[in-house]
1. Could you check the stretch 30-53 and list, in sequence order, the residues that are surrounded by 12 or more Cβ atoms within 10 Å (Cβ to Cβ) and farther than 19 Å from Arg70 by Cβ?
2. Would you be able to tell me the number of residues in the stretch 47-57 that are farther than 16 Å from Gln31 by Cβ and among the charged types (D, E, K, R)?
3. Enumerate the pairs (first residue in the stretch 69-80 and farther than 17 Å from Phe42 by Cα; second residue anywhere and surrounded by 13 or more Cβ atoms within 10 Å (Cβ to Cβ) and of a type outside the set (Asp, Glu)) with beta-carbon separation below 9 Å, excluding pairs fewer than 6 apart on the same chain, so at least 6 apart or on different chains.
Amino acid sequence: MKTYRETHKKQQRQYLRNWNKRNEKKKNAQQLAQNHIPLQPFCEKCGSDQNLERHHPDYSKPLEVQTLCRSCHILIHRTD
């Protein structure tokens, strides 16, 4: 019998595979930006230098990203 951990891990892998198939453009943009665009030293919205992330306003332009702190990034996606 499989343990909960083994079953859960298999479900996570399947979820990730399905997400990648459904969001191919988003995944490609994320990978390109991560490999080629360095993070700025501060958030472009509030100026924070903590918990910085890349934000794609338009996934069809994968190399156009904003550097945002996690808080500002969450706020942007809540208003989408």
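Nothing in this text is a laboratory measurement; each read-out follows from the coordinates by a stated rule. Bear in mind the structure is a predicted one, so any value in this text is a computation, not a measurement. Methodologically, a virtual Cβ is constructed for each residue, glycine included, from the backbone with ideal geometry; neighbour enumeration extends over all protein chains shown.
1. Leu32, the sole residue that qualifies.
2. Keep residues of the stretch 47-57 that are farther than 16 Å from Gln31 by Cβ, which gives 47-52, 57.
Remaining after also requiring among the charged types (D, E, K, R): 49.
Going through the stretch 47-57 one residue at a time, the tally reaches 1.
3. The qualifying pairs are His77/His55.
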